[in-house]
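Chemist: Here it is, the structure, as structure tokens.
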Amino acid sequence: MNLKKILILLVVAAAVALFFLFDLQRFLTLEALKANRQLLADYYAAHQGTTVALFMVIYILQTALSLPGAAVLSLAAGAVFGVLAGTVYAVCAATIGATLAFLVTRYLLRDLVAGRFGTRLEGLNRELEQRGWNYLLFLRLVPLFPFFLINLAAGLTRLPLRVFVLGTLVGIIPGGFVFVNAGASLAAINSLADVASARVLGSFALLGLFALAPVLYGRLKR
């Protein structure tokens, strides 16, 4: 690993360490959002452009650094910006942040992983190059794995960047809408579990199976 990669890795590690050292996670809780909702709404009414920009930057950094708090940020988008605008801001910010995490992981670690496990990953890489859209869309729609883990794992493969960006953007719209819509009725939410009900998760699973259907059909046909 060259000096440039080491410096980038140190900057990322330092940012994550500072987040936990100063306990910034306390601002990304449901309780904190409820307590400060009116303050945020008033600030948005007085400074709309600044509020949107700050929200986008915070969401992008949170996602890019794989920090906790994405669900609360999506709720905040609905509480402050409304359902339609909040969904656009949250989905776009999450996609940009995920893409940054994907690119940093690919730049820092893919060559190292390929050099060590290249032959064993060749089959996976070929599959992702051909059907990566279906797999990624399935993983984005069905919350089987943490969002940040998919970003990092995808960066270690040869999944094309355009497929990652489009698959992420399209795949997180349903989940983003659900959380932003819930945030618009923030007073009715007592925990994050109230948002992701079994019925909602089941709907996402059904959408995910539709995304994976072409892959399953191809395998059965062969």
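The values are calculated or read from the model by the stated rules, or taken from the named source; none is laboratory data. Remember, it's a predicted structure, so these values are computed and weren't measured experimentally. Cβ atoms come from the backbone with ideal geometry, glycine included; neighbour counts cover every protein chain shown. For the accessible areas, the whole protein counts, side chains as well, though only heavy atoms, and no ligand, DNA or RNA atoms are used. Shrake-Rupley method; radii C 1.70, N 1.55, O 1.52, S 1.80 Å.
Chemist: If you line up the Cα atoms of the chain on their principal axes, what length do they span on each, largest first, in Å?
Modeler: Between the extreme Cα coordinates on each principal axis of the chain lie 56, 47, 27 Å.
Chemist: A further question on this structure: If packing is taken as the average count of other Cβ atoms within 10 Å, what order do 36-42, 177-183 fall into, highest mean first? Provide the component values of the computation, followed by the final result.
Modeler: On the way: 36-42: 12.9, 177-183: 22.9.
My ranking of the peptides, most packed first, is 177-183, 36-42.
Chemist: Shifting gears a bit: If you count, for each residue, the other Cβ atoms within 10 Å and average over each peptide, how do 2-9, 52-59, 130-137 line up from highest to lowest?
Modeler: Result, highest mean Cβ count within 10 Å first: 130-137, 52-59, 2-9.
Chemist: Ordering 43, 89 by accessible area with a probe of 1.4 Å, largest first, what comes out?
Modeler: Accessible-area ranking of 43, 89, largest first: 43, 89.
Chemist: Quick check: Cα centre of segment 146-175 to Cα centre of segment 48-109, how many Å?
Modeler: 14
Chemist: Related question: Computing the accessible area with a 1.4 Å probe over protein heavy atoms, can you report the carbon and sulfur percentage for the chain?
Modeler: With neighbouring chains kept in place, the figure for the chain is 71 percent.
Chemist: Further, regarding this structure: Considering only protein heavy atoms, what per residue accessible area in square angstrom results for the chain with a 1.4 angstrom probe?
Modeler: Working: 12510 Å² over 222 residues.
I get 56 Å² per residue for the chain.
Chemist: Output the peptides 161-171, 75-85, 139-149 sorted from most to least packed, where packing is the average of other Cβ atoms within 10 Å over each peptide's residues.
Modeler: Descending packing order for the listed peptides: 75-85, 161-171, 139-149.
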